[in-house]
Amino acid sequence: DSGVTQTPKHLITATGQRVTLRCSPRSGDLSVYWYQQSLDQGLQFLIQYYNGEERAKGNILERFSAQQFPDLHSELNLSSLELGDSALYFCASSVDGGREETQYFGPGTRLLVL
Amino acid sequence: AQSVTQLDSHVSVSEGTPVLLRCNYSSSYSPSLFWYVQHPNKGLQLLLKYTSAATLVKGINGFEAEFKKSETSFHLTKPSAHMSDAAEYFCVVSDPGNNDMRFGAGTRLTVKP
């Protein structure tokens, strides 16, 4: 158990809909990362937050957005969902968000768009 | 921009034999390199990381990796495979100079009894 929690574990929705994925980092970690893992694109870094502020952006679509709240939990919002958004979404956390730091991954949220 | 190539999508070994998972990278800076393992239906777990200290890095569960700048490689090895090592392994490169991390496509390790 990494100490990072993600809810829900599974999500089934329809095209065009909007969903919110939630992540709680390990106690004491200030930085949160979001990743998408799909069969065709592999593991992709989406976005990173540090202490409530966006720190880095990867291959995140404009239809997707995220935020980190004062209690340090984070939410990833996916809107106008398409079939290709079906994937496993991971959240990770680290202490300070430095690129040399170990990231601790949550168990993931499996999203299926029908 | 940095990139990483895992040279084998699937490696199969017998229990008790050595494991070699190959990773090559490209980077404009002195990169940080990581190996993560993902067991079925689980999140990723760090095995080991290189951050410009010793070039031979020891990780958990008997794994180690050697950073070879001249070959731009960071191969993962283990002297003797165990059944519990069966999983997907990801090589990751991170440039401290920019805010991006790149994952390899992954290598699926199968361990036969």
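Let me confirm one metric for peptide B:29-39, namely the mean number of other chain beta-carbon atoms within 10 Å of its residues' beta-carbons. Don't jump to the answer; show the numbers that get you there.
Working: counts 1, 0, 2, 4, 0, 3, 0, 5, 0, 6, 0.
Mean shielding by partner chains, rounded to a whole number: 2.
Per-residue counts of other Cβ atoms within 10 Å, averaged by peptide: what ranking do you get for A:43-52, A:70-79, A:5-14, B:35-44, highest first? Display every interim value, and only then the final one.
Working: A:43-52: 20.2, A:70-79: 16.9, A:5-14: 13.6, B:35-44: 18.5.
By packing density, highest mean first, the sequence is A:43-52, B:35-44, A:70-79, A:5-14.
Under the criterion of Cα pairs below 8 Å and six or more residues apart, the relative contact order for the stretch B:1-65 equals 23 percent. The charge dipole of the protein assembly as shown, taken about its Cα centre with unit charges on the Cβ of Lys, Arg, Asp and Glu (plus for the first two, minus for the last two), comes to roughly 320 debye.
Once you order the gyration tensor axes a ≥ b ≥ c over the Cα atoms, which shape class does chain A get: rounded for a/c under 1.5, otherwise prolate or oblate by comparing a/b with b/c?
Values: a/c = 1.73, a/b = 1.68, b/c = 1.03.
Prolate.
What Kirkwood Rh does chain B have if only Cα atoms enter the pairwise 1/r average? Answer in Å. Before the final figure, lay out each step's value.
On the way: mean 1/r = 0.0713 Å⁻¹.
It is 14.0 Å.
Using only the Cα atoms of the stretch A:11-71, build the gyration tensor, take square roots of its eigenvalues as a ≥ b ≥ c, and label the shape rounded, prolate or oblate: rounded if a/c is under 1.5, else prolate if a/b is larger than b/c, else oblate. It comes out prolate by the Cα gyration axes. Taking the accessible area of the stretch B:19-96, probe 1.4 Å, and keeping the other protein chains in place, the carbon and sulfur fraction comes to 52%. Candidate cross-link partners of A:LYS9 among the lysines, defined by an alpha-carbon separation under 23 Å and a same-chain spacing of 8 or more, comprise B:LYS42. Within the stretch B:1-42, what residues put their amide N at less than 12 Å from the label point 7 Å along the Cα-to-Cβ vector of B:THR110? Residues B:10-14 qualify, since their backbone N sits under 12 Å from the label point.
Based on protein heavy atoms only, the protein assembly as shown ends up with 47 Å² per residue of surface accessible to a 1.4 Å probe. Per the accessible-area calculation with a 1.4 Å probe, the total area buried between chain A and chain B rounds to 1500 Å². Taken residue by residue and averaged, Cβ atoms of other chains lying within 10 Å of the Cβ of A:1-9 number 1.
Let a ≥ b ≥ c be the square roots of the eigenvalues of the Cα gyration tensor of the protein assembly as shown; is it rounded (a/c under 1.5), or, if not, prolate (a/b larger than b/c) or oblate?
Working: a/c = 1.83, a/b = 1.43, b/c = 1.28.
It comes out prolate by the Cα gyration axes.
The values are calculated or read from the model by the stated rules, or taken from the named source; none is laboratory data. Because the structure is predicted, anything quoted here is derived from the model rather than measured. Quick reminder, even Gly has a Cβ in these numbers, built from the backbone with ideal geometry, and neighbours come from all protein chains shown. The protein model used for the area step is the full one, side chains on, heavy atoms only, and it has no ligands, DNA or RNA in it. Shrake-Rupley method; radii C 1.70, N 1.55, O 1.52, S 1.80 Å.
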